[in-house]
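The values are calculated or read from the model by the stated rules, or taken from the named source; none is laboratory data. Being a predicted model, the structure only gives us computed values, none of them experimental. For neighbour counting, all protein chains shown are included, and Cβ atoms are generated from backbone atoms with ideal geometry for every residue, glycine included. What goes into the accessible areas is simple: the full protein's heavy atoms, side chains included, and nothing from ligands, DNA or RNA. Shrake-Rupley method; radii C 1.70, N 1.55, O 1.52, S 1.80 Å.
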Amino acid sequence: MKETLFLFQDEKDANQFYLFVLASTFNGDVLIKGSEVRLSGYSQIKQTSLVDLIFPFVVNYYVPRVSNYLLKNAYYYHDDEIEQIVPFVLSVSSISKELHTDLSFSLYERLIYYLYTHETRGVVDMEHLYLTLFQNEDAWLEIVGYGIEEWQFELNFQEKMNDIRHYVFKKKPKLPKVIVNIKDRIRFFDSHGQPIREEVLAHFRKVSGTTSVEEYDPTKLISTLLSIAPQQIDVYASNDHMHTLYWMMNIFQERIKLFPVEQFPYKILE
(Lines give C-alpha, C1' and ligand atoms only; values in the text may rest on other atoms or scores of the structure.)
Protein backbone atom coordinates (compact mmCIF):
# COMPACT_ATOMS: atom_id res chain seq x y z
CA MET A 1 0.00 0.00 0.00
CA LYS A 2 1.27 3.46 -0.87
CA GLU A 3 1.17 6.79 0.94
CA THR A 4 1.70 10.24 -0.54
CA LEU A 5 1.74 13.61 1.21
CA PHE A 6 0.67 16.64 -0.82
CA LEU A 7 1.93 19.99 0.45
CA PHE A 8 0.03 23.15 -0.53
CA GLN A 9 0.86 26.83 -0.16
CA ASP A 10 -2.29 27.52 1.87
CA GLU A 11 -5.26 25.78 3.43
CA LYS A 12 -7.66 26.94 0.71
CA ASP A 13 -5.77 25.01 -2.00
CA ALA A 14 -5.47 21.99 0.29
CA ASN A 15 -9.21 22.02 0.95
CA GLN A 16 -9.96 22.23 -2.78
CA PHE A 17 -7.76 19.19 -3.40
CA TYR A 18 -9.26 17.31 -0.45
CA LEU A 19 -12.80 17.85 -1.76
CA PHE A 20 -11.67 16.87 -5.26
CA VAL A 21 -10.24 13.55 -4.03
CA LEU A 22 -13.37 12.82 -1.99
CA ALA A 23 -15.49 13.27 -5.11
CA SER A 24 -13.21 11.06 -7.21
CA THR A 25 -12.98 7.28 -7.48
CA PHE A 26 -9.93 7.17 -5.18
CA ASN A 27 -10.03 3.89 -3.25
CA GLY A 28 -7.78 4.75 -0.30
CA ASP A 29 -7.85 7.03 2.74
CA VAL A 30 -7.60 10.82 2.48
CA LEU A 31 -6.82 13.07 5.44
CA ILE A 32 -6.39 16.85 5.58
CA LYS A 33 -4.43 18.79 8.17
CA GLY A 34 -3.96 22.48 7.56
CA SER A 35 -2.23 22.86 4.20
CA GLU A 36 -1.37 19.15 3.92
CA VAL A 37 -3.38 16.35 2.33
CA ARG A 38 -2.29 12.76 2.89
CA LEU A 39 -3.39 9.90 0.64
CA SER A 40 -2.78 6.47 2.10
CA GLY A 41 -3.88 2.85 1.92
CA TYR A 42 -4.08 2.77 -1.87
CA SER A 43 -2.49 0.57 -4.48
CA GLN A 44 -1.47 1.68 -7.95
CA ILE A 45 -3.22 -0.42 -10.56
CA LYS A 46 -0.84 1.02 -13.15
CA GLN A 47 2.17 3.32 -13.04
CA THR A 48 0.12 6.35 -14.04
CA SER A 49 -2.68 5.80 -11.47
CA LEU A 50 -1.63 8.78 -9.33
CA VAL A 51 -1.21 10.96 -12.42
CA ASP A 52 -4.67 9.98 -13.65
CA LEU A 53 -6.09 10.88 -10.24
CA ILE A 54 -4.67 14.38 -9.92
CA PHE A 55 -4.52 15.41 -13.61
CA PRO A 56 -8.14 16.69 -13.66
CA PHE A 57 -7.34 18.77 -10.55
CA VAL A 58 -4.26 20.23 -12.23
CA VAL A 59 -6.30 21.13 -15.33
CA ASN A 60 -9.40 22.49 -13.60
CA TYR A 61 -7.67 24.31 -10.74
CA TYR A 62 -4.21 25.31 -11.95
CA VAL A 63 -4.94 26.08 -15.62
CA PRO A 64 -7.55 28.72 -14.64
CA ARG A 65 -5.07 30.12 -12.10
CA VAL A 66 -2.25 30.63 -14.60
CA SER A 67 -4.76 31.81 -17.20
CA ASN A 68 -6.13 34.47 -14.86
CA TYR A 69 -2.61 35.60 -14.03
CA LEU A 70 -1.45 35.87 -17.65
CA LEU A 71 -4.68 37.38 -18.96
CA LYS A 72 -4.51 40.12 -16.34
CA ASN A 73 -0.75 40.78 -16.23
CA ALA A 74 0.43 39.96 -19.74
CA TYR A 75 -2.64 40.57 -21.91
CA TYR A 76 -4.30 43.22 -19.69
CA TYR A 77 -7.88 41.96 -19.90
CA HIS A 78 -10.57 42.99 -17.42
CA ASP A 79 -12.16 40.55 -14.98
CA ASP A 80 -15.40 40.12 -16.95
CA GLU A 81 -13.42 39.31 -20.13
CA ILE A 82 -11.11 36.94 -18.24
CA GLU A 83 -14.12 35.01 -16.98
CA GLN A 84 -15.22 34.48 -20.59
CA ILE A 85 -11.75 33.56 -21.91
CA VAL A 86 -10.63 31.01 -19.29
CA PRO A 87 -12.97 28.21 -20.55
CA PHE A 88 -11.40 28.58 -24.02
CA VAL A 89 -7.89 28.27 -22.54
CA LEU A 90 -9.08 25.11 -20.79
CA SER A 91 -10.33 23.72 -24.09
CA VAL A 92 -6.98 24.25 -25.87
CA SER A 93 -4.78 23.19 -22.94
CA SER A 94 -5.34 19.51 -23.71
CA ILE A 95 -3.87 19.96 -27.21
CA SER A 96 -1.11 22.39 -26.18
CA LYS A 97 1.65 20.21 -27.68
CA GLU A 98 0.02 20.39 -31.11
CA LEU A 99 -0.46 24.15 -30.84
CA HIS A 100 3.02 25.11 -29.65
CA THR A 101 5.87 23.84 -31.84
CA ASP A 102 8.49 24.33 -29.09
CA LEU A 103 6.50 22.30 -26.53
CA SER A 104 7.87 18.75 -26.74
CA PHE A 105 5.48 17.23 -24.20
CA SER A 106 1.81 17.62 -23.37
CA LEU A 107 0.70 18.78 -19.93
CA TYR A 108 -0.22 15.19 -19.05
CA GLU A 109 3.21 13.92 -20.11
CA ARG A 110 4.99 16.66 -18.15
CA LEU A 111 2.93 15.80 -15.07
CA ILE A 112 4.01 12.17 -15.40
CA TYR A 113 7.64 13.23 -15.56
CA TYR A 114 7.27 15.59 -12.60
CA LEU A 115 5.67 12.99 -10.34
CA TYR A 116 8.15 10.33 -11.43
CA THR A 117 11.06 12.54 -10.34
CA HIS A 118 9.49 14.04 -7.19
CA GLU A 119 7.05 11.51 -5.76
CA THR A 120 9.59 8.76 -5.00
CA ARG A 121 10.06 10.07 -1.44
CA GLY A 122 6.30 10.15 -0.89
CA VAL A 123 5.97 13.95 -0.82
CA VAL A 124 4.67 16.24 -3.58
CA ASP A 125 5.07 20.01 -3.22
CA MET A 126 2.06 21.25 -5.20
CA GLU A 127 3.22 24.88 -5.30
CA HIS A 128 6.52 23.76 -6.82
CA LEU A 129 4.55 21.57 -9.24
CA TYR A 130 2.46 24.60 -10.27
CA LEU A 131 5.53 26.78 -10.80
CA THR A 132 7.28 24.07 -12.81
CA LEU A 133 4.37 23.17 -15.06
CA PHE A 134 2.99 26.66 -15.60
CA GLN A 135 4.59 29.83 -14.27
CA ASN A 136 8.13 28.87 -15.27
CA GLU A 137 6.97 27.55 -18.64
CA ASP A 138 7.13 30.31 -21.25
CA ALA A 139 4.96 28.32 -23.64
CA TRP A 140 1.87 28.99 -21.51
CA LEU A 141 1.87 32.63 -22.54
CA GLU A 142 1.33 31.46 -26.11
CA ILE A 143 -1.17 28.76 -25.12
CA VAL A 144 -3.29 31.39 -23.34
CA GLY A 145 -2.99 33.43 -26.54
CA TYR A 146 -4.54 30.55 -28.49
CA GLY A 147 -7.39 30.54 -25.96
CA ILE A 148 -7.89 34.26 -26.63
CA GLU A 149 -8.07 33.56 -30.38
CA GLU A 150 -10.72 30.88 -29.80
CA TRP A 151 -12.73 33.32 -27.66
CA GLN A 152 -12.49 36.06 -30.29
CA PHE A 153 -13.56 33.58 -32.98
CA GLU A 154 -16.59 32.62 -30.89
CA LEU A 155 -17.51 36.28 -30.33
CA ASN A 156 -17.31 36.91 -34.07
CA PHE A 157 -19.32 33.77 -34.80
CA GLN A 158 -22.07 34.72 -32.31
CA GLU A 159 -22.22 38.23 -33.80
CA LYS A 160 -22.77 36.66 -37.23
CA MET A 161 -25.42 34.35 -35.75
CA ASN A 162 -27.30 37.36 -34.35
CA ASP A 163 -27.18 39.06 -37.75
CA ILE A 164 -28.47 35.89 -39.43
CA ARG A 165 -31.33 35.49 -36.91
CA HIS A 166 -32.32 39.09 -37.62
CA TYR A 167 -32.13 38.33 -41.37
CA VAL A 168 -34.45 35.32 -40.94
CA PHE A 169 -36.89 37.32 -38.83
CA LYS A 170 -37.15 40.09 -41.44
CA LYS A 171 -37.10 37.97 -44.61
CA LYS A 172 -40.36 37.12 -46.39
CA PRO A 173 -40.78 33.30 -46.64
CA LYS A 174 -40.56 31.76 -50.11
CA LEU A 175 -42.28 28.64 -48.77
CA PRO A 176 -44.38 28.41 -45.59
CA LYS A 177 -42.92 25.05 -44.57
CA VAL A 178 -39.90 22.95 -45.49
CA ILE A 179 -39.24 19.34 -44.46
CA VAL A 180 -35.61 18.22 -44.21
CA ASN A 181 -34.39 14.63 -44.16
CA ILE A 182 -30.79 14.25 -42.96
CA LYS A 183 -29.48 10.74 -43.35
CA ASP A 184 -26.90 9.57 -45.90
CA ARG A 185 -27.43 12.95 -47.58
CA ILE A 186 -29.62 16.03 -47.14
CA ARG A 187 -33.01 16.10 -48.88
CA PHE A 188 -35.57 18.91 -48.96
CA PHE A 189 -39.35 18.47 -49.27
CA ASP A 190 -42.27 20.87 -49.40
CA SER A 191 -45.23 20.83 -46.98
CA HIS A 192 -46.93 18.09 -49.05
CA GLY A 193 -43.91 15.77 -48.89
CA GLN A 194 -42.88 16.43 -52.47
CA PRO A 195 -39.12 16.62 -53.13
CA ILE A 196 -37.82 20.10 -53.90
CA ARG A 197 -35.60 19.80 -56.96
CA GLU A 198 -31.99 20.93 -56.72
CA GLU A 199 -32.43 23.48 -59.50
CA VAL A 200 -35.24 25.11 -57.50
CA LEU A 201 -33.06 25.21 -54.38
CA ALA A 202 -30.18 26.66 -56.40
CA HIS A 203 -32.51 29.35 -57.74
CA PHE A 204 -33.59 30.28 -54.18
CA ARG A 205 -29.95 30.56 -53.13
CA LYS A 206 -29.05 32.63 -56.19
CA VAL A 207 -31.82 35.21 -55.84
CA SER A 208 -31.19 35.55 -52.09
CA GLY A 209 -27.49 36.26 -52.58
CA THR A 210 -24.61 35.14 -50.36
CA THR A 211 -24.59 35.33 -46.58
CA SER A 212 -21.74 35.27 -44.07
CA VAL A 213 -22.76 31.77 -42.98
CA GLU A 214 -21.60 30.14 -46.22
CA GLU A 215 -17.98 29.81 -45.06
CA TYR A 216 -19.23 27.53 -42.24
CA ASP A 217 -21.75 25.66 -44.41
CA PRO A 218 -20.10 23.23 -46.87
CA THR A 219 -23.32 21.19 -47.31
CA LYS A 220 -25.36 24.34 -48.14
CA LEU A 221 -28.01 23.15 -45.66
CA ILE A 222 -28.19 26.38 -43.67
CA SER A 223 -27.72 28.70 -46.64
CA THR A 224 -30.54 26.92 -48.48
CA LEU A 225 -32.90 27.28 -45.52
CA LEU A 226 -31.89 30.94 -45.17
CA SER A 227 -32.74 31.54 -48.81
CA ILE A 228 -36.23 30.07 -48.29
CA ALA A 229 -36.77 31.42 -44.75
CA PRO A 230 -39.76 29.13 -44.05
CA GLN A 231 -42.01 29.75 -41.07
CA GLN A 232 -41.72 26.10 -40.08
CA ILE A 233 -38.92 23.58 -40.59
CA ASP A 234 -39.53 19.90 -39.78
CA VAL A 235 -36.22 18.08 -39.48
CA TYR A 236 -35.89 14.30 -39.48
CA ALA A 237 -32.39 13.26 -38.41
CA SER A 238 -30.45 10.88 -36.17
CA ASN A 239 -28.30 11.79 -33.16
CA ASP A 240 -25.24 11.45 -35.40
CA HIS A 241 -26.05 14.94 -36.67
CA MET A 242 -26.31 16.69 -33.30
CA HIS A 243 -23.80 19.38 -34.25
CA THR A 244 -25.80 20.26 -37.37
CA LEU A 245 -29.09 20.17 -35.45
CA TYR A 246 -27.72 22.44 -32.74
CA TRP A 247 -26.54 24.90 -35.37
CA MET A 248 -29.95 24.91 -37.08
CA MET A 249 -31.76 25.44 -33.78
CA ASN A 250 -29.35 28.22 -32.89
CA ILE A 251 -30.38 30.12 -36.03
CA PHE A 252 -34.02 29.21 -36.64
CA GLN A 253 -34.97 28.67 -32.98
CA GLU A 254 -38.73 28.14 -32.51
CA ARG A 255 -39.27 27.54 -36.24
CA ILE A 256 -37.51 24.15 -35.95
CA LYS A 257 -39.30 20.92 -35.04
CA LEU A 258 -37.14 17.80 -34.60
CA PHE A 259 -38.14 14.20 -35.27
CA PRO A 260 -36.26 10.86 -35.38
CA VAL A 261 -35.24 10.01 -38.92
CA GLU A 262 -37.10 6.69 -38.60
CA GLN A 263 -40.39 8.60 -38.35
CA PHE A 264 -40.00 10.28 -41.75
CA PRO A 265 -43.53 9.95 -43.21
CA TYR A 266 -42.78 10.13 -46.94
CA LYS A 267 -41.21 7.78 -49.43
CA ILE A 268 -37.77 8.73 -50.67
CA LEU A 269 -37.21 8.10 -54.36
CA GLU A 270 -33.57 7.67 -55.34
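For the chain, the longest principal axis of the alpha carbon atoms and the long axis of helix 198-208 meet at an angle near 80°. Treating the chain as a set of equal point scatterers at the Cα positions, no solvent, please give the Debye-formula log₁₀ I(q)/I(0) at q = 0.07, 0.13, 0.15 Å⁻¹. Those come out to -0.44, -0.89, -1.01, one per q. The alpha carbon radius of gyration of the stretch 66-203, expressed as a multiple of 2.2 N^0.38 Å, is 1.71.
Beta bridges from DSSP with both residues in the chain: antiparallel share about 55 percent, rounded to the nearest 5.
For the stretch 132-225, lysine pairs separated by 8 or more sequence positions, or belonging to different chains, with Cα-Cα distances below 19 Å total 12.
Between Asp190 and Asn250, the C-beta separation translates, for a Förster distance of 30 Å, into a calculated FRET efficiency of about 0.80. Here the average projected area of the convex hull drawn through the C-alpha atoms of the stretch 161-270 stands at 6.5 nm². Dividing the mean sequence gap of close Cα pairs (under 8 Å, 6+ apart) by how many residues the chain holds gives a relative contact order of 15 percent. Between the beta carbons of Lys220 and Tyr69, assuming R0 = 41 Å, the FRET efficiency works out to 0.35 to the nearest 0.05.
Note on Met242: accessible area approximately 100 square angstrom, rounded to 10, probe 1.4 Å, nucleic acids and ligands left out.
Between Lys206 and Ser91, the FRET efficiency estimated from the beta carbon spacing at R0 = 30 angstrom works out to 0.20.
Model label sites at Lys171 and Arg121, defined 7 Å from Cα along the beta-carbon direction, differ in position by 6.8 nm.
Which peptide among 164-177, 224-237 comes first, and what is the full order, when sorted by highest mean count of other Cβ atoms within 10 Å?
Packing order, densest peptide first, comes out as 224-237, 164-177.
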